[in-house]
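What follows is a set of notes on a single structure, which appears directly below.
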Amino acid sequence: MTALSINLNKIALIRNSREGNYPDLIEHAQRCIQYGANGITVHPRPDQRHIRPTDVRQLAELVRPISEIEFNIEGNPFAEPLADYPGLLALVEETHPDQCTLVPDSNQQLTSDHGFDLKVQGEQLVPIIQHIQSLGIRVSLFMDPDLEQIQLASEVGADRVELYTGPYAAAWGTDAFESLFQQHQAAAKLANSLGLGVNAGHDLNLQNLGKFAEIENLLEVSIGHAFTVDCLNMGMESAITSYRALLV
């Protein structure tokens, strides 16, 4: 069964809009786990617009004793430290997540919107990947469903790829949808043949997830924005139950 990892960035964004600690991010994560989530994902950025370094540390402490729950930290490994943001690698070294997903987003991006170009950044990533793996942490690379790039992901030593599903989601209900689904399916098949695990994420929701989950050997999906909206509409327990039902 495909694992459901809940991305808590939007909950942190709501909290940060006021002073104080409401909603309580750790309490929210506990409830996600209680209701059936398989993992927790965070994407700390240098500007701390949502997830803060203290959140990462507290979530690591929450998840560490729960063997069946995975903690996934996403981020740009090249982002410089800023104020009390120590940098992605420093946070990963300190908190030892189960998985580190490397993402090529800039500080100015609203959200992640493209995968790595490993023809450009592959050599830079090799020592970073090796260092993270030496800590006993799985490394996933955020990738477009481009077959040449998936091949390169294997060559630079990644353990998994996370397929960027933004265009797939945007094409839902259009003539371009089936072609984009086939691209993701082909990319996943190639990744599996190269020994890479396959994750997916970005704009997946209750409408488009069921189709995407038809992809063979899909190990994990990370869902945050749509899940947060669905929690408002149907409650957290019902939302998690509904997502889990699509991940057969």
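Annotations for the structure displayed:
- Computed FRET value (nearest 0.05) for Glu155 with Glu80, which takes r as the C-beta separation and R₀ as 35 Å: 0.80
- Using a Gaussian network model of the chain in which every pair of alpha carbons under 10 angstrom is joined by a spring, one finds that among Phe227, Phe177, Phe71 the greatest mean-square fluctuation is at Phe177.
- CD proxy at 222 nm, helix term only [per DSSP H run n ≥ 4: -39500 (n - 2.57); per residue of the chain; nearest 500]: -13000 deg cm²/dmol
- Under Karplus coefficients 6.51, -1.76 and 1.60, residue-wise ³J(HN,Hα) of the range 21-34 in Hz, glycine/proline x: 10, 9, x, 7, 4, 5, 4, 5, 4, 4, 5, 4, 5, 4
- Separation in nanometres of the label points that stand 7 Å from Cα toward Cβ, at His96 and Met234: 3.8
- For the range 177-192, 3J(HN,Hα) computed residue by residue from phi via the Karplus equation (6.51, -1.76, 1.60; θ = phi - 60°) reads 4, 4, 4, 5, 4, 4, 4, 5, 5, 5, 5, 5, 4, 5, 4, 4 Hz, glycine and proline entered as x.
- Backbone HN-Hα couplings from phi across the range 85-100 [Karplus 6.51/-1.76/1.60, Hz, Gly and Pro as x]: 7, x, x, 4, 5, 5, 5, 5, 4, 6, 9, 6, x, 6, 9, 10
- Residues of the range 224-248 with amide N under 17 Å of the 7 Å Cα→Cβ point at Tyr35: 224-247
- When the range 10-71 is reduced to its Cα atoms, the Kirkwood hydrodynamic radius in Å: 12.0
- Its alpha carbons give the chain an Rg and a Dmax of 17.0, 49 Å.
- Choice from Gly235, Gly87, Gly210 with maximal GNM fluctuation in the chain (Cα, 10 Å cutoff): Gly235
- For a label point 7 Å along the Cα-to-beta-carbon line of Glu178, residues of the range 208-248 with backbone N under 17 Å: 211-212, 214-215
All of the numbers you see were taken from the coordinates with simple rules; none came from a lab. The model shown is predicted, which means the values in this text are computed figures rather than measured ones. Note that we place each Cβ from the backbone using ideal geometry, even for glycine, and neighbour counts take in every protein chain shown.
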